[in-house]
Amino acid sequence: MKKTLVVLGHPDDESYCGALAQHYVDTAKAAGKDIRFVKLGSEPFDPVLRHGYHQRQDQEPILVEFREGIEWAEHLVFFYPIWWGAMPALLKGAIDRVFLPGFAVKYRHKSQLWDKLLAGRSAHLFTTMDTPPWYFRWVYRMPGHNQMKRTILEFS
């Protein structure tokens, strides 16, 4: 049984994404699964990485919960809408603030390569959008999925 972190990346817990995420959590718990649930919109935090990677920023409690959940989990499940082709700023800001060098990746000295510090975990993305799926895939080329899958999750 995999330890699973469910992340709601929609700012409104009462949204359709919120209902889907809550149903997932309730069903998994009823089946005896080991689940943690982080609702990023439930507490305020600064989504801006103020100093880039040059200076550490203290993390608000919801970001500490997100980070600890990632460390604990073997499987990550994200629920969020696709807005303007990508994830909401809330989710992107949380990722910017938590997926930092030394936690998510480690850059090698004098090298173009890096170590994936979150390797070994799996993930699922559940997204909602008002664009027909075929149009999102073939015309837009799935920018939101590619960003999350390739440049965030596979990178780390």
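The values are calculated or read from the model by the stated rules, or taken from the named source; none is laboratory data. Just so it is clear, the model here is predicted, and its values are computed rather than measured. We place every Cβ from the backbone using ideal geometry, glycine too, and count neighbours over all the protein chains shown. We work out accessible area using only protein heavy atoms, side chains counted, and drop any ligands, DNA or RNA first. Shrake-Rupley method; radii C 1.70, N 1.55, O 1.52, S 1.80 Å.
Observations on the model:
- Taking (1) in a loop (DSSP other than H, G, I, E, B); (2) in contact with a helix residue (DSSP H, G or I) (Cβ under 7 Å, 6 or more places away or on another chain); (3) among the aromatic types (Phe, Trp, Tyr) in turn, Tyr140 satisfies each apart from (2).
- Which listed residue, of Val64, Val98, Val77, is more than 17 Å from Ala123 (Cα to Cα) and modelled with pLDDT of 95 or more: Val64
- Where a residue in region 107-125 is over 15 Å from His75 (Cα atoms) and its partner, wherever it lies, is of a type in the set (Val, Ile, Thr) and open to solvent by less than 70 Å² (accessible area, probe 1.4 Å), with Cβ under 9 Å and at least six apart: Trp114/Val105; Asp115/Val105; Lys116/Val105
- Complete set of residues in region 106-135 that are surrounded by 13 or more Cβ atoms within 10 Å (Cβ to Cβ), outside any loop (DSSP other than H, G, I, E, B) and hydrophobic (A, V, I, L, M, F, W, C): Trp114, Ala123, Leu125, Phe126
- Residue list for region 27-79, filter: free of Cβ contacts under 8 Å to residues at least 12 places away in the same chain and in contact with a strand residue (DSSP E or B) (Cβ under 9 Å, 6 or more places away or on another chain): Lys29, Glu68
- Complete set of residues in region 2-46 that are part of a helix (DSSP H, G or I), closer than 18 Å to Ala123 by Cα and hydroxyl-bearing (Ser, Thr, Tyr): Tyr24, Thr27
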